[in-house]
Amino acid sequence: MSDDARAGDSNDLEQLDGLVTPPFSRRGFVMTSLMTGLTLATTRVEAQAIRTDEAGIVAGEVRIPVGDGPMPAYRAMPEGAGPFPIVLVVEEIFGVHDYIKDICRRLAKAGYTAVAPELFARQGDVSKMTDVQEIVREVVSKTPDAQVMGDLDATAAWAAAEAKGDPGKLGITGWCRGGRTVWLYAAHSASLKAGVAWYGNFGGTRTGIQPKTAADVIPEIRAPILGLYGAADTGIPVADVEKARDAAKAAGKDVEIVIFPDAPHGFHADYRPSYRKGPAEDGWGRMLGWFRQHGVA
């Protein structure tokens, strides 16, 4: 039996709700360092990509200790003594490439310790993949939610111990698949102060290792969430976003949903043709305001 089959069928995972205790991986880390440059798996428009310098900040690749080895990650933080509020930065399906690294630097310029762990490092090397469906099939669908939650916990602990982070001021933000992860982490972490989800899907297939959708966990979330979505997103219908908003309201959760007219999926991804400068900048300002409002500042 393959490692992936065992990961989906193990007794350990069957005893979890997928959001609580991470099982140790049996396969180790496939990616031992972060990719260089931008993802190969989607059309790029590199000339418009934002490039944030390192003046006044400390930035670079790091290793975060987890149960089965060192996990590669990218960290950016202000110069100075700290402590600084922590923001966990959750990648798209394409790995921690230059766009995600730049987001960390932008957050560091705003006064945060920002850390982006490579959450797919055990399942496959997405830096070498050129086909989106291969990434989804061979990597994303085989990454247990429990593993992701545990890796994010480990990242937050590392940021507090090694990157001048303030564990009492913990936030999270993520894009696309990472937006889904924001909703799940808000249901998992008792330490999280606030989250911002950029066009994270509310649906999807439930499996043994990914047992709940983002919509499923809305009644369980413990922290305020800002959701940023596009009305022209062909993969996430506006009706689904509005349904999630209504479910959060009915559950008494502190959730704010913003739907940008005419914005497609990936409207913040400045390295792709989907980028829309107005909604991207508006959303960024709203994100920083949300963190300030809810104690991540």
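The values are calculated or read from the model by the stated rules, or taken from the named source; none is laboratory data. This structure is a prediction, so every number in the text was calculated from the model and none was measured. So basically every Cβ, Gly included, is an ideal-geometry build from the backbone, and we count neighbours across all protein chains shown. Calculation scope for accessible area: heavy atoms of the full protein, side chains included, ligands and nucleic acids excluded. Shrake-Rupley method; radii C 1.70, N 1.55, O 1.52, S 1.80 Å.
Annotations
- The single condition among (1) farther than 16 Å from Gly203 by Cα; (2) open to solvent by less than 10 Å² (accessible area, probe 1.4 Å) that Asp145 does not satisfy is (1).
- The one condition from (1) surrounded by fewer than 17 Cβ atoms within 10 Å (Cβ to Cβ); (2) of a type outside the set (A, V, I, L, M); (3) over 13 Å from Ala263 (Cβ atoms) that Gly200 does not meet is (1).
- Scanning region 210-232 for residues that are in a loop (DSSP other than H, G, I, E, B) and either modelled with pLDDT under 95 or under 19 Å from the mean Cα position of the chain (by Cα) (or both) gives Gln210, Pro211, Lys212, Thr213, Ile221, Arg222, Ala223, Pro224.
- Filtered residue count, region 205-215, keeping only those that are touching a Lys or Arg at 6+ places or on another chain (Cβ under 8 Å) and within 24 Å of Gly171 (Cβ to Cβ): 4
- Answer residue from region 188-197, given it is open to solvent by 10 Å² or more (accessible area, probe 1.4 Å) and either touching a residue at least 60 places away in the same chain (Cβ under 8 Å) or in a helix (DSSP H, G or I) (or both) and is farthest from Phe291 (Cα to Cα) among those: His188
- Candidate set: region 52-93, residues that are among the small types (Gly, Ala, Ser) and in a loop (DSSP other than H, G, I, E, B); chosen: the one most open to solvent (accessible area, probe 1.4 Å): Ala81
- Test: residue in region 256-274 that is open to solvent by 20 Å² or more (accessible area, probe 1.4 Å) and part of a helix (DSSP H, G or I): no
- For region 129-145, a residue qualifies if it is touching a helix residue (DSSP H, G or I) at 6+ places or on another chain (Cβ under 7 Å) and not in a loop (DSSP other than H, G, I, E, B), and the qualifying residues are Ile135, Val140, Lys142, Asp145.
- Test: residue in region 159-175 that is in a helix (DSSP H, G or I) and surrounded by 22 or more Cβ atoms within 10 Å (Cβ to Cβ): yes
- Val126 open to solvent by less than 10 Å² (accessible area, probe 1.4 Å), within 29 Å of Arg292 (Cα to Cα), touching a helix residue (DSSP H, G or I) at 6+ places or on another chain (Cβ under 6 Å) and of a type outside the set (S, T, N, Q): no
- Test: residue in region 275-292 that is modelled with pLDDT of 95 or more, under 26 Å from Pro144 (Cα atoms) and part of a loop (DSSP other than H, G, I, E, B): no
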